[in-house]
Structure formats: C-alpha cells, structure tokens
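Some notes on the structure that comes next.
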Amino acid sequence: MTTPPSKPARGQGTDNALACFDDIAAALKGRSPALFLDYDGTLVPLARRPELAVATPRLRDTVARLSTLMPVAVVSGRGREDVSQMLGVDGIAYAGSHGFDIRDASGTDLSGDIGAPYRPALEAAASALADRLAPIAGTFLEDKTYSIAIHYREAAPDTHDVIRAAVDEEVARRDTLKRTGGKMIHELRPDLDWDKGTAVLRVMETLSLTPPDAVPVYIGDDETDEDAFRAISDNGIGIKVADAGDDAATLARYRLGTPAEVTTFLGRLADYLEMGGGA
C-alpha cells in the first residue's frame, strides 16, 4: 500500500496540484478516494451576487463523471438546496450552511437538523441587521437556512468598519450565535463546534470510508475551508484555490490558481480513475 501523504505544515500549500498530479496519483493508488468540493471561489469564480455564480456545462459534466468513479460531496456555505440547484448534478452529497445541513447522494439526512433550534435567533438577527444596514449601499443579506451572510463586496471601503461593528454588536446580543468571516462577507452561525471539517468526517463515516485505506481529497478557497483541511490533514489531500500572490497561511498541501484550473484538475482526475488508477 502507498504511504499516505505526510501531514502538511501550515503555509505549505504552494505546489500546484496540476504540476504535481503524479504525486497525487501515487497517494491515491491502492486506496479509496472521496472528493469534497467547495462551490463559490472553487468550482465557480466569485460573483458580484450569489445567483450569478453559475456552473459551466463542462464543470457539471466533469463532476457527474467523477460521481460514477468515487463518492463526491459539495461542502458549501450556501444553503443546501441553493448549491444543489446551482451545480445541478445528481448522485452526489450536498452539505450546505457549512455542514449544518447534509444530505447524502440518495437524499438521506446526515446532520439531524442540528441547526434547527438556532433558526429563531438567526431570523431575529437577520431582521435587525437588515434594518441597520439598509442605509449602506452595496450591502445585502443572504439567508442560508442555518447561517446568515452579510455581503459587502460592493459597499464603499469607508463603510466596512461600520458594517463589521453592526455585525459584532448583533452577535454580542445573542449568545447562541457566532460570527465567522470570508471574502468580503460576514456570517452569523450557530455557536456550535460544527463546521466544514465536521461535515467531511460525517460523510466519510456514513460511507464507511476509514483512513488510511480511504483518502479524502478536499478543494476549497476560503478561510472556512481551513476547517476541512485541518480535519483531513493526517490522511487526506488538501488543495487550496488561490492565485500566486496569495500567501495566506493554509493547511492545504497543494494549490490551484483558479476555478478553471480546478475543472481541468477534476477532468484529469476523472481520466486517471477511468483508466484504473486509485484502488
């Protein structure tokens, strides 16, 4: 059996996954891979508004191919139904709201509605923030079922501190919620020890995929994806989507520059598996 990849060091994700594909293939050989994918910024470019981040036909076809070769799951900050509609691929698992809402490929619930008790607090916070942020042009709120996103990509830079303060003040009023960040976004989530990494491990457990025989491959671009990179760091393969100028610390071992490179990598992975690579 091939020795699993060594545990990555923080800040190590500088090797391009396409250039190092043979190394990744060697790590998969003789093992059972499972693929986990973020959506925004990973499979599709970040868009001005969430509804504009549409998957390409090539991407859909590639993910569908991979779903016939190994387990595939999309793990997104979006609501589960939203991301499943945006990608539009059947036969894969979807984990929405950072893993608070998980359905496997057959539609079976894997999360037990763990976030349901927090909906009243999220709705109240969303209502209060909508009123407070309404005068600030370029902001909008997105209800993701078990999280609330405050987008400010189009807001003037001199309003960013005001937006952050409003979010922090609202979180301070509600001890059941916490604030997390992202690329030009603040999010309110249930204050639970539950994240994208938890979601990955839950899917692995449900599918009886046990390391080191099974190897999770996770591709993501944002700070919330670090939870998943951390969860698989002992036995899996993490790939961060970031351009060459992004030197932010990461637990991912490899890097891809753009969602287009991700699609190319996924196509190459499908080719490799169809030729008998992996197990």
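The values are calculated or read from the model by the stated rules, or taken from the named source; none is laboratory data. Since the structure is predicted, the reported quantities are computational estimates derived from the model, not experimental observations. Protein only, heavy atoms only, side chains kept; ligands, DNA and RNA dropped before computing areas. Shrake-Rupley method; radii C 1.70, N 1.55, O 1.52, S 1.80 Å.
What the phi angles of the range 129-134 give under the Karplus curve with 6.51, -1.76 and 1.60, with θ = phi - 60°, is a coupling list of 6, 4, 5, 6, 8, 3 Hz, glycine and proline written as x. Taking amide hydrogens as placed 1.01 Å from N in the peptide plane, the amide H of residue 101 sits under 5 Å from those of 96, each at least 5 positions away in sequence or on another chain. Spatially close Lys pairs in the chain, defined by Cα atoms under 17 Å apart and a spacing of eight or more places or different chains, total 8.
Sequence-ordered 3J(HN,Hα) estimates for the range 200-212 from the Karplus curve with 6.51, -1.76 and 1.60 and θ = phi - 60° stand at 4, 5, 5, 5, 4, 4, 4, 8, 6, 9, 10, x, x Hz, glycine and proline given as x.
Shape class of the range 1-132 from the Cα gyration tensor (axes a ≥ b ≥ c, square roots of the eigenvalues): prolate, since a/c reaches 1.5 or more and a/b is larger than b/c. Across the range 73-87, coupling constants 3J(HN,Hα) worked out from phi with the 6.51/-1.76/1.60 Karplus curve, θ = phi - 60°, read 9, 9, 10, 10, x, 5, x, 4, 5, 4, 5, 5, 6, 5, 7 Hz, and Gly and Pro carry x. By definition, a body whose alpha carbon gyration tensor gives a ≥ b ≥ c is oblate when a/c is 1.5 or more and a/b is not larger than b/c, and the range 46-121 fits this oblate description. Entry comment: accessible area of the range 162-279 is 40 Å² per residue, from protein heavy atoms only and a probe of 1.4 Å.
Taking the helices alone, the chain has a mean residue ellipticity at 222 nm of -9500 deg cm²/dmol, built from -39,500 (n - 2.57) per DSSP H run of at least 4 residues and averaged over all its residues. At a temperature of 4 °C and a viscosity of 1.567 mPa s, determine how fast the chain diffuses translationally according to Stokes-Einstein, using the Kirkwood radius over alpha-carbon pairs as Rh; express D in µm²/s, rounded to the nearest whole number. Rounded to a whole number, D works out at 68 µm²/s. The listed residues 193, 113, 61, 225, once ranked by accessible area (1.4 Å probe) with the largest placed first, stand as 193, 61, 113, 225. In whole angstrom, note down how far apart the Cα centers of the range 98-177 and the range 24-92 are. Comparing the Cα centres of the range 98-177 and the range 24-92, I get a distance of 23 Å. Of the solvent-accessible surface of the range 135-237, computed with a 1.4 Å probe over protein heavy atoms with every protein chain present, carbon and sulfur atoms account for 48 percent. Here, the range 55-201 yields an orientationally averaged convex hull projection of 9.3 nm² when only Cα atoms define the hull. Under 5 Å between amide hydrogens, built in the peptide plane, is the criterion, and for residue 32 it picks out 214, 215 among residues at least 5 positions away or on other chains. Sorted from longest to shortest, the spans of the Cα atoms of the range 170-246 along the three principal axes equal 46, 35, 16 Å.
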